[in-house]
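Since every read-out is calculated from the coordinates, none of them should be taken as a lab result. Keep in mind that this is a model prediction, so the values were computed, not measured. A quick note on method: Cβ atoms are made from the backbone with ideal geometry, for glycine too, and the neighbour counts reach across all protein chains shown.
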Amino acid sequence: MRRTNYGFEKRQKDLQKQKKREAKLEKKRLREAPPSPELEELLQLLFAEGRTLGAEFRGNAEEEGFHAFAPANYDQVLAALLPHRATGGLFLEWGSGPGVITIMADLLGFDAYGIEIDGGLVEASRALAERFNSSAEFVEGSFLPEGYQWESADGSQRMGTIGTAPSGYPELGHNLFDFGTVFGYPWGGEEAMMIDLMSTRGSPEATLLLHTVAGTIDAYQGGQLR
């Protein structure tokens with residue numbers, strides 16, 4: 001008959017729980033700390049590659065006609081993301097382009113995802129993530145959830161430069177409501193739609209960061225400017 005040493009098993013379980021608590025605290029401490037010099041250097045290398053990819057993409061797009069793509073100010077986005085770093089959690093970029101901001105969020109400790117309607121950019125972002133040993137995930141599709149319809153104050157349903165495609169959320173395996181931090185770079189006139197989308201489909205506790213055409217990054221929560 002097998003004897004069970006309940007006291008020993010309990011101590012082992014308690015040790016495992018303690019190790020998990022300590023690991024969580026260490027991750028939180030690292031997220032709260034300023035980026036290390038090594039991380040700063042890695043991020044600047046990422047930004048440099050992103051600017052090169054953006055220039056190449058714009059050059060190709062100009063030959064084929066207009067394409068709604070513009071690179072963000074990566075250093076400004078970094079400064080906007082740092083206050084939210086300690087929370088970790090799920091990060092989503094609407095229209096992730098070459099993937100720089102989503103990869104940045106991953107390197108900062110977020111569980112980062114990007115949705116991009118252009119398949120070529122999705123491929124480029126996945127390759128960039130691999131080069132930086134990032135676990136950021138990218139899917140091709142629309143960042144609009146299924147069934148979402150926008151109507152402006154004047155009754156218009158124009159979506160500006162936002163194209164139509166199947167929603168990317170089913171492939172992500174997450175709903176918009178799941179994300180604690182969402183980043184978007186709207187063209188002029190699209191801010192209201194993005195604020196409405198986050199207000200009606202996102203979590204009221206989540207933060208929406210919008211990189212405006214004026215060059216600022218505005219933070220919203222529950223549809224209100226913070």
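What the Kirkwood sum gives for the range 36-225 is a hydrodynamic radius of 16.7 Å, with every pair of different alpha carbons counted. Amide H to amide H distances under 5 Å link Glu93 with Tyr113, Gly114, Ile115, Phe183, where only residues 5 or more positions off or on other chains count and H is placed in the peptide plane.
Between amide H atoms placed 1.01 Å from N, distances below 5 Å from Leu144 occur with Gly168, all of them 5 or more places distant or on a separate chain. Residue-wise HN-Hα couplings along the range 121-137, as the Karplus relation 6.51 cos²θ - 1.76 cosθ + 1.60 with θ = phi - 60° gives them from phi, are 5, 4, 4, 5, 5, 5, 5, 5, 4, 5, 5, 9, 6, 9, 9, 4, 10 Hz; Gly and Pro carry x. Give me the net charge of Asp196's neighbourhood, meaning all other residues with Cβ under 11 Å from the Cβ of Asp196; Lys, Arg count +1, Asp, Glu -1. Net local charge, Asp196 excluded: -2.
Phi angles of the range 9-15 translate, via the Karplus equation with coefficients 6.51, -1.76, 1.60 and θ = phi - 60°, into HN-Hα couplings of 4, 5, 4, 5, 5, 5, 5 Hz per residue; Gly and Pro are given as x.
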